[in-house]
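Reading through the structure tokens given below for one structure.
All of the numbers you see were taken from the coordinates with simple rules; none came from a lab. Since the structure is predicted, the reported quantities are computational estimates derived from the model, not experimental observations. Positions of Cβ are backbone-derived with ideal geometry, glycine not excepted, and every protein chain shown enters the neighbour counts.
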Amino acid sequence: MIFDELPVVGAYLIGLEPHADERGFFARAFCAREFAEHGLVERFVQANLSHNPHQGTLRGLHFQRSPHAEAKLVRCTRGVLFDIVVDLRAGSPTYAHWAGAELSADNRRALYVPEGCAHGFQTLSDDTEAFYLVSAFYTPDVEAGLRWDDPRLAIDWPIRPPRLISPKDAAWPTLDEFPS
């Protein structure tokens with residue numbers, strides 16, 4: 001696997017190293033040893049699949065508060081999406097910064113979202129699926145989120161406004177409104 005650091009501390013864009021022949025290719029999509037060598041979470045407890053029929057669908061910005069903070073490894077298995085990570089870790093040199101990348105079934109890249117960061121994505125094509133691993137079980141009592149259009153974060157979403165967003169995601173507070 002190829003680990004490219006993003007402008008948010010601890011976040012990575014992860015590419016495959018395919019071994020190809022006439023049959024196609026084989027590539028490792030996850031390796032606990034390689035993740036540990038980069039200081040990343042190497043144990044995931046849940047796998048999630050998100051199907052999104054419409055281009056312009058926005059999901060996020062989601063995270064879980066401590067003690068159930070979660071790391072995520074996100075991959076697009078169908079279609080194209082713009083995936084982002086926002087640093088919410090107090091004291092981090094990249095606090096309140098975001099980084100984004102286009103993930104697609106064709107480029108086969110994955111985004112690693114460290115614990116203490118929010119995550120969200122926007123679909124850039126119809127019929128898009130995201131498959132992601134998480135390091136902590138979903139715990140509704142510590143679920144939280146931030147507004148997708150928080151002016152302090154100034155995320156450069158490709159499609160503005162989003163064509164589809166849940167009422168819950170549209171109602172999250174901004175970073176300045178969020179209780180510490």
For region 77-118, alpha-carbon Rg and Dmax in angstrom: 12.1, 37
Here, chymotrypsin sites (Phe, Trp or Tyr not before Pro) of region 1-62 satisfying both criteria (DSSP loop; at most 15 other Cβ within 10 Å) are F30
Value in Å of the Kirkwood radius, where region 44-170 supplies the Cα pairs that are averaged: 14.5 Å
Among H38, H19, H119, which one shows the biggest mean-square fluctuation in a GNM of the chain, springs joining Cα atoms closer than 10 Å? H19
Quick one: if the Förster radius is 25 Å, what FRET efficiency do H19 and F137 give, using the C-beta to C-beta distance and rounding to 0.05? 0.15
Between H38 and R163, take the C-beta separation as r, use R0 = 25 Å, and let me know the FRET efficiency to the nearest 0.05. 0.10
Whole-Å distance, taken between Cα centres, linking region 123-180 and region 33-96: 11 Å
Between G120, G24, G79, which gets the highest mean-square fluctuation from a Gaussian network model of the chain, Cα cutoff 10 Å? G24
Mind checking the dipole of the chain: about its Cα centre, +1 per Lys or Arg Cβ, -1 per Asp or Glu Cβ, Debye to the nearest 20? 240 debye
So which GluC sites (Glu not before Pro) in region 17-95 end up in coil per DSSP with only 10 or fewer other C-beta atoms within 10 Å? E22
Report the label-to-label distance for H51 and S125 in nanometres (one decimal), using points 7 Å from each Cα along the Cα→Cβ vector. 1.7 nm
